[in-house]
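The values are calculated or read from the model by the stated rules, or taken from the named source; none is laboratory data. All values reported here derive from a predicted model rather than from experimental measurement. Cβ coordinates were reconstructed from backbone atoms using ideal geometry, including for glycine residues, and neighbour counts include every protein chain displayed.
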Amino acid sequence: MSPIPSRFRTRISLLSLIFLYNVGASCVRGQGGSPIRYEVSLQNPERHFFHVLMKFPVKGEALLQMPAWNTLYQIRDFSSRIQDVEAHVGNIPAAIEKIDKDTWRVTADGVVRIDYTIYWDDQGPFATQLNSEHAFINPAMILMYVEGHTGDKTLLSIDDFPDAWKVASATPFHCERVGQHPFCTSDQSTYDLLVDAPIEAGKFEEFLLSGMQPEIHVVVHGDQWGKRRVEEELRRICQYELKLMEGAPYQRYTFILHLGKGSGGGGMEHAESTAIGAPSDEYLAGLAAHEFFHLWNVKRIKPATLTPVDYTKEQYTRALWFAEGVTNTYGSYTMVRTGLWNKEQLYADLSEQISELEGRPANRWQSAEQSSLDAWMEKYPLYNRPEYSVSYYTKGQVLGDLLDILIRDRTNNAKSLDDVLRAMNADFAKQGKAYRDSLDVRLTAEKVAGGSFESFFEKYVAHAEALPYQEILALAGLELRTAEHRRPNLGFFVERDGNGFLVVKSVEAGSPAEEAGLRTDDVIVKWNGGDVPRRVDRWLREQMPGDVLRLDIRRDNKQMPLEMHIGEIKEAFYEVAEMAHASEKARRIREGILKGTTSAAPAH
């Protein structure tokens, strides 16, 4: 299996910081002691409209809010998708006024019924979709909440869906039929818990992973996929990570998998579940290894800067290099330690991360902490260019690997980064405490290793000094080799405008694109005679330098054809390899990383 492609990197959730507690446990009562109720209709799924009915008691006035963000570090203002908001008490209209882009004020005395519709047909684990094939719901993207009452008792029912459909979620649903209408109702929950449990409805396949206690439920929506392969890979991943972290933090876990073409790419972690989209089961294992480890790192081992959860505005943290990047470290460790990768694949994955990091000019000035802090900029295409940013996933993964080697070297391979994660789980997650961003990561590593890491964190985490690859890798019997790598290059940079059209924002001087006559502000309407790729960067990875690209562009209200050749870029490629004459200690450290073991030097 190839290393996990960067296009399937995951993103941290707004709701990644909610503590897990038992669904159905006692929670704060709604106003007047009544629960807040939601009824979601999936009638006419081909129109992509969710019809939402919300009921709750009001005495005087209440504020309704729609989350501004969820599952991605992006303000997406889901209220922009809402239509026809109405309020009634019984059959009498109640006063409702929109007071900002995400907030409504309701004035009434009694149980208020709020009706609205909201449109969604976006694929992938970070979105919501309703079509004739299925419904995938991130509840925060369709459900308003009562300000100040996200912890109140809450009930959700889903109805008006086709007879052949089923409903699955980490929040248990009880399904039955009233006349000709099937409907499913959740157990008692809260808004906070509901929106941390995505829902799949449709003709999905499902099974339990054999031999796993507590239960792990697998739900698959997709065309062709191999159950035997999926089951075996998920079992290996879950068994290893549960052993590594000394037990399950959940009562029942659910994988919601969207497999096949058009499934979207990536994964999203939740307290008792994950949603993963992959073009085939070939890419699933790497994503699952990352997402399942989030059960600890992020969902329970959580940075204080992201608590309490605020649904309405950006929440800034310097800790994503650890929360996401080091989770990437453990995704790769899990793959090799379970035998799903061989050691060459682990080295290739680390080589890819170092090459990506060192190939971005921004690595000279953007630290891991600043990359974490600037995560909110990722929705802007310019920010994602190599000269403007590095990824906290990439830099964090490399830092995790280097820190692991240093801990093993300092303790003669008696301790490792594994011990840091277990200590943070014991000292923070299990104590109901959040950690202080990079500070508590450093202090925990120092406690485990018995010495200071202040210089390492100051130089390489808080600031952007050049990483000492050769020096640290040699401690694990590894070296970094360099070679020239060629990759395809379009020679122009594009962004989507407000109407979704791909607009040329810059053209590289001397590139084949410039020679072909492409100009800034050209609108691309056709791509090789068909639709413009949803992700041009993904399309480009599958091409070769010299391939012909035929565009139809619109310029000055005129459409014209344009033909160009794909260019190429030469760049340094880094390769991690084993040293031929490593010391005995370095070989033990290397084997410890590959096998997930520790062992002090043998007695002489």
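I'm checking my understanding of the structure. Among residues of the range 33-70 that are within 14 Å of Leu194 (Cβ to Cβ) and in a loop (DSSP other than H, G, I, E, B), which one is modelled with the highest pLDDT?
Within the range 33-70, the match that is modelled with the highest pLDDT is Pro67.
Report every pair of residues separated by at least 6 positions or lying on different chains whose Cβ atoms are under 7 Å apart, first residue within the range 425-449 and acidic (Asp, Glu), second not in a helix (DSSP H, G or I).
Asp437/Pro303; Asp437/Thr317; Asp437/Arg318; Asp437/Ala319; Glu446/Ser452; Glu446/Phe453
I'd like the residue in the range 479-496 that is farther than 17 Å from Trp527 by Cα and loosely packed, with under 14 Cβ neighbours inside 10 Å and, out of all such residues, is modelled with the highest pLDDT.
Arg481
Could you tell me which of the residues Ala140, Ala164, Ala135 is part of a loop (DSSP other than H, G, I, E, B), of a type in the set (Gly, Ala, Ser) and touching a residue at least 24 places away in the same chain (Cβ under 8 Å)?
Result: Ala164 is the single residue among Ala140, Ala164, Ala135 that is part of a loop (DSSP other than H, G, I, E, B), of a type in the set (Gly, Ala, Ser) and touching a residue at least 24 places away in the same chain (Cβ under 8 Å).
If Pro198 meets every condition in (1) at pLDDT 95 or above; (2) closer than 30 Å to Val420 by Cα apart from one, which number is that one?
Failing condition for Pro198: (2).
Are there any strands (runs of 3 or more DSSP E) wholly within the range 221-306 with 1 or more residues that are farther than 18 Å from Phe322 by Cα and of a type in the set (Phe, Trp, Tyr), and if so which?
Of the strands (runs of 3 or more DSSP E) lying wholly inside the range 221-306, those with at least 1 residues that are farther than 18 Å from Phe322 by Cα and of a type in the set (Phe, Trp, Tyr) span 252-259.
Evaluate the range 121-136: report whether one residue or more is hydroxyl-bearing (Ser, Thr, Tyr), crowded, with 19+ Cβ neighbours inside 10 Å, at pLDDT below 95 and under 25 Å from Ala278 (Cα atoms).
Looking through the range 121-136, none of the residues is hydroxyl-bearing (Ser, Thr, Tyr), crowded, with 19+ Cβ neighbours inside 10 Å, at pLDDT below 95 and under 25 Å from Ala278 (Cα atoms).
Working only within the range 472-498, note down all residues that are of a type in the set (Val, Ile, Thr) and in a helix (DSSP H, G or I).
Of everything in the range 472-498, just one residue is of a type in the set (Val, Ile, Thr) and in a helix (DSSP H, G or I), namely Ile472.
Return only the number of the condition from (1) crowded, with 22+ Cβ neighbours inside 10 Å; (2) among the small types (Gly, Ala, Ser); (3) touching a strand residue (DSSP E or B) at 6+ places or on another chain (Cβ under 8 Å) that Gly110 does not satisfy.
For Gly110, the failing item is (1).
Taking into account only those residues within the range 59-80 that are surrounded by fewer than 20 Cβ atoms within 10 Å (Cβ to Cβ) and out of contact with any Lys or Arg (no Cβ under 9 Å at 6 or more places or on another chain), which is nearest to Leu373 (Cα to Cα)?
Gln65
Does the range 323-341 include one or more residues that are small (Gly, Ala, Ser), touching a residue at least 24 places away in the same chain (Cβ under 8 Å), at positive phi and not in a helix (DSSP H, G or I)?
Scanning the range 323-341, I find at least one residue that is small (Gly, Ala, Ser), touching a residue at least 24 places away in the same chain (Cβ under 8 Å), at positive phi and not in a helix (DSSP H, G or I), so the answer is yes.
So, in the range 174-205, exactly how many residues are more than 20 Å from Ala271 (Cβ to Cβ), in contact (Cβ under 8 Å) with a residue 12 or more places away in the chain and not in a loop (DSSP other than H, G, I, E, B)?
Residues flagged as more than 20 Å from Ala271 (Cβ to Cβ), in contact (Cβ under 8 Å) with a residue 12 or more places away in the chain and not in a loop (DSSP other than H, G, I, E, B) within the range 174-205 amount to 9.
Quick one: would you say Thr171 is assigned to a strand (DSSP E or B), modelled with pLDDT under 95 and farther than 20 Å from Ser263 by Cα?
no
Rundown of residues vs (1) more than 23 Å from Asn70 (Cβ to Cβ); (2) among the basic types (Lys, Arg), yes/no style:
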site	(1), (2)
Ile92	yes, no
Thr103	no, no
Thr171	no, no
Arg177	yes, yes
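From the list Val532, Val507, Val525, which residue is surrounded by 13 or more Cβ atoms within 10 Å (Cβ to Cβ), at pLDDT below 90, among the hydrophobic types (A, V, I, L, M, F, W, C) and in contact with a strand residue (DSSP E or B) (Cβ under 6 Å, 6 or more places away or on another chain)?
Val532
Taking the range 74-103, which residues are within 17 Å of Asp122 (Cβ to Cβ) and out of contact with any Pro (no Cβ under 7 Å at 6 or more places or on another chain)?
Gln74, Ile75, Arg76, Asp77, Ser79, Ser80, Arg81, Ile82, Gln83
What are the residue pairs meeting all of these: first residue in the range 536-553, first residue under 16 Å from Pro512 (Cα atoms), second residue in a loop (DSSP other than H, G, I, E, B) and among the aliphatic types (A, V, I, L, M), Cβ atoms under 7 Å, and 6 or more apart or on different chains?
That search, which allows pairs on different chains as well, returns Leu540/Leu490; Gln543/Ile566; Pro545/Ile566; Gly546/Ile566; Asp547/Ile566; Leu549/Ile566.
Quick one: Gln345 ticks every box in (1) touching a residue at least 60 places away in the same chain (Cβ under 8 Å); (2) out of contact with any strand residue (DSSP E or B) (no Cβ under 8 Å at 6 or more places or on another chain); (3) of a type outside the set (Phe, Trp, Tyr); (4) farther than 30 Å from Ala600 by Cβ except a single one, so which number is it?
(4)
What's the total number of residues in the range 241-256 that are among the aromatic types (Phe, Trp, Tyr) and surrounded by fewer than 22 Cβ atoms within 10 Å (Cβ to Cβ)?
Qualifying residue count for the region: 1.
Yes/no matrix, rows are residues, columns are (1) more than 30 Å from Ala348 (Cα to Cα); (2) of a type outside the set (A, V, I, L, M, F, W, C):
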{"site": "Arg487", "(1), (2)": "no, yes"}
{"site": "Val503", "(1), (2)": "yes, no"}
{"site": "Pro512", "(1), (2)": "yes, yes"}
{"site": "Gly529", "(1), (2)": "yes, yes"}
{"site": "Val532", "(1), (2)": "yes, no"}
{"site": "Asp537", "(1), (2)": "no, yes"}
{"site": "Asp547", "(1), (2)": "no, yes"}
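Suppose we keep only residues that are under 34 Å from the mean Cα position of the chain (by Cα) and under 30 Å from Asp409 (Cα atoms) within the range 545-587. Which one would you say is modelled with the lowest pLDDT?
Ala572
Residues in the range 552-565 that are surrounded by 15 or more Cβ atoms within 10 Å (Cβ to Cβ) and either in contact with a helix residue (DSSP H, G or I) (Cβ under 7 Å, 6 or more places away or on another chain) or not assigned by TED's automatic domain parsing to the domain that holds Phe501 (or both): how many?
3
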